[in-house]
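One structure is given below, encoded as structure tokens.
The values are calculated or read from the model by the stated rules, or taken from the named source; none is laboratory data. These numbers were taken from a predicted model, which means no experiment stands behind them. With ideal geometry, Cβ positions are generated from the backbone for all residues, glycine too; neighbour counts draw on all protein chains shown. The accessibility values were calculated without ligands, DNA or RNA, using every heavy atom of the protein model including side chains. Shrake-Rupley method; radii C 1.70, N 1.55, O 1.52, S 1.80 Å.
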Amino acid sequence: MAFKFSDKYLKNVITENDLDGIAGEIASAAKMLDEKSGKGADFLGWTDLPVNYNRKEAERIDKAAEKICNMCDVLIVIGIGGSYLGARAAIEFVKGNYYNESKKSTPNIYFVGNDISSSHLSAILEICEGKDICVNVISKSGTTTEPAIAFRIFRDLLYKKYGESAKDRIFVTTDKVRGALRGEADARGYESFIIPDDVGGRFSVLTAVGLLPIAAAGINITEMLEGAAAARKDFAGGDVYTNDCYKYAAIRNIMSRRGRKIELLAVNDPALTMTCEWWKQLFGESEGKDGKGLYPASVTYTTDLHSLGQFVQDGTKLMFETVINVDIEDGATIPYDEQNADGLNFLAGKSLNFVNQKAHLGTVLAHTDGDVPNLSITLTSKSAFDFGYLVYFFEKAVAVSGYTLGVNPFDQPGVEYYKKNMFALLNKPGYSESKAELDKRLSELA
Ligand code: PA5
């Protein structure tokens, strides 16, 4: 197995007694999840997705991906939050950070609609000049402002460029019946994929939300689902002592109760930086509510050891660290140099991974000495299967951890607040009353 969870660096920090103390709570949380009896039980579709996934839908996704590969140089993927992070994380995890620059038969993939930055969008529009384009617009609600604006711009571009046949280049992933996007897809005849009702945005990477862009990048989605299915099997049953997913949920809650309110997810391969972004949404949105929750932060090592490393080592003791150690030999070695002006001949012939592993071990020991408790996950490959496995491990862990914390891990009421203010300030019909109030508040601040 390419995935190994370990709490060995917590030896003197978390004792058998500590685990005994929380074992019952974790068991109850796991039971709630298994029996679908906890809060948010309507959103547990993700638990069985890897084994229940509609094979016909998967085949249709593969066919659409093939069509996209044959039809375009550039695939624009429009979405935000759960409708964005998972696909990008998967593509970078499996294909690396330079997927778009590598020689391949799949289109370049750019993600838009995940911010409202004018310059970001303009830069991508410039890249699209003279290229054949397809669009995959993804929104569960079908009404989210950021992707809706981006889609309006790209739909306009496609219709101007291709006329009515533009509709064959637009692929929609949305709700079965609800939302503006569903209405438009049906009216204009775009090919569309359904986001199941019982799968929330941040748990949706293994639905068409993630799978279509992932397949368009030439990644085997069946293998990814198989990885998730393997994790589903490996992390079923057992207890905090035998099930690493439950142990991880237990340790997070113990840390939180000790005042370690930040979990720092550290990776030592930039191909996993976007996986951290996906993980931050999963954990932040699932647990950060009712005045509770650990703040999910992330770093990429060794890069960030030269910036945030000082704080982690020596700063306020707010955090514990979960390190994903990527331990893969890919052949890159350090050459011998006759002059040895840099004094690096002691590393000649050694692989970069050998050095990275020593950096990882040195960092773990330094941080534990600095009173930053460390958990580790080792990955010995970065296949589609491994990504699926990791996704399921974290999804199940956050569900159990969230129930143990006493929150509903499957809602996100806080996300609506900024939207209401933004709509009012933009003069959206129906928001005039709050607009007057917000304008008054802002003028008082001026
Ligand atoms: O997890 C969530 O529900 C959110 O982050 C959503 O994924 C995000 O707001 C995008 O929503 P939608 O897919 O409806 O456009």
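At-a-glance table
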| quantity | calculated |
| --- | --- |
| Residue match in the stretch 150-158 (condition: in contact with a Gly (Cβ under 8 Å, 6 or more places away or on another chain) and either of a type in the set (A, V, I, L, M) or in contact (Cβ under 8 Å) with a residue 60 or more places away in the chain (or both)) | yes |
| Among residues of the stretch 151-181, those that are part of a helix (DSSP H, G or I) and away from the ligand (no atom under 12 Å from the Cβ), counted | 18 |
| Tally of residues being open to solvent by 50 Å² or more (accessible area, probe 1.4 Å) and more than 16 Å from the ligand (Cβ to nearest atom) across the stretch 408-446 | 19 |
| Members of the stretch 260-313 that are more than 12 Å from the chain's Cα centre (by Cα), within 16 Å of the ligand (Cβ to nearest atom) and part of a helix (DSSP H, G or I) | SER286, GLU287 |
| First in the stretch 367-384 and within 19 Å of ILE251 (Cα to Cα), second anywhere and among the hydroxyl-bearing types (Ser, Thr, Tyr) and open to solvent by less than 10 Å² (accessible area, probe 1.4 Å), Cβ under 9 Å, 6 or more apart | ASN374/THR322; LEU375/TYR248; LEU375/THR322; SER376/THR322; ILE377/TYR248; ILE377/THR322 |
| Tally, over the stretch 383-407, of residues that are on the phi > 0 side of the Ramachandran plot and open to solvent by 50 Å² or more (accessible area, probe 1.4 Å) | 0 |
| Some residue of the stretch 16-27 being within 25 Å of the chain's Cα centre (by Cα) and either of a type in the set (Val, Ile, Thr) or in a helix (DSSP H, G or I) (or both) | yes |
| Criterion violated by GLY218 - all others in (1) assigned to a helix (DSSP H, G or I); (2) farther than 12 Å from TYR53 by Cβ satisfied | (1) |
| Subset of the stretch 166-185 (residues that are touching a helix residue (DSSP H, G or I) at 6+ places or on another chain (Cβ under 9 Å), closer than 22 Å to ASP132 by Cβ and either of a type in the set (Gly, Ala, Ser) or loosely packed, with under 15 Cβ neighbours inside 10 Å (or both)) | ALA166 |
| Residue match in the stretch 42-57 (condition: more than 30 Å from ALA230 (Cβ to Cβ), of a type in the set (Lys, Arg), modelled with pLDDT under 95 and open to solvent by 40 Å² or more (accessible area, probe 1.4 Å)) | no |
| Selection status of VAL372, surrounded by 14 or more Cβ atoms within 10 Å (Cβ to Cβ) and either part of a loop (DSSP other than H, G, I, E, B) or modelled with pLDDT under 95 (or both) | yes |
| Considering residues of the stretch 187-196 that are away from the ligand (no atom under 13 Å from the Cβ) and assigned to a loop (DSSP other than H, G, I, E, B) only, the residue most open to solvent (accessible area, probe 1.4 Å) | GLY189 |
| Any hit, the stretch 72-86, residues being surrounded by 15 or more Cβ atoms within 10 Å (Cβ to Cβ), modelled with pLDDT of 95 or more and closer than 18 Å to ALA229 by Cα | yes |
| Scope the stretch 316-365; condition surrounded by fewer than 17 Cβ atoms within 10 Å (Cβ to Cβ) and hydroxyl-bearing (Ser, Thr, Tyr); matching residues | THR316, THR333, TYR336, SER351 |
| Meets criteria (within 13 Å of the ligand (Cβ to nearest atom), of a type in the set (D, E, K, R) and part of a helix (DSSP H, G or I)) for GLU184 | no |
| Top-ranked residue of the stretch 244-288 - restricted to ones that are farther than 20 Å from TYR392 by Cα and in contact with a helix residue (DSSP H, G or I) (Cβ under 6 Å, 6 or more places away or on another chain), ranked as surrounded by the fewest Cβ atoms within 10 Å (Cβ to Cβ) | ILE254 |
| Hits in the stretch 59-71 (condition: touching a helix residue (DSSP H, G or I) at 6+ places or on another chain (Cβ under 7 Å) and either open to solvent by less than 10 Å² (accessible area, probe 1.4 Å) or within 22 Å of SER204 (Cα to Cα) (or both)) | ILE61, ASP62, ALA64, ALA65, ILE68 |
| Output for the stretch 89-135, where each listed residue is touching a strand residue (DSSP E or B) at 6+ places or on another chain (Cβ under 9 Å), open to solvent by 40 Å² or more (accessible area, probe 1.4 Å) and among the hydroxyl-bearing types (Ser, Thr, Tyr) | TYR110 |
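Yes/no matrix, rows are residues, columns are (1) out of contact with any strand residue (DSSP E or B) (no Cβ under 7 Å at 6 or more places or on another chain); (2) open to solvent by less than 10 Å² (accessible area, probe 1.4 Å); (3) within 16 Å of the ligand (Cβ to nearest atom); (4) among the β-branched types (Val, Ile, Thr):
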{"residue": "ASP198", "(1), (2), (3), (4)": "yes, no, yes, no"}
{"residue": "LEU211", "(1), (2), (3), (4)": "yes, yes, yes, no"}
{"residue": "ALA217", "(1), (2), (3), (4)": "no, yes, no, no"}
{"residue": "ASN220", "(1), (2), (3), (4)": "yes, no, no, no"}
{"residue": "GLY227", "(1), (2), (3), (4)": "yes, yes, no, no"}
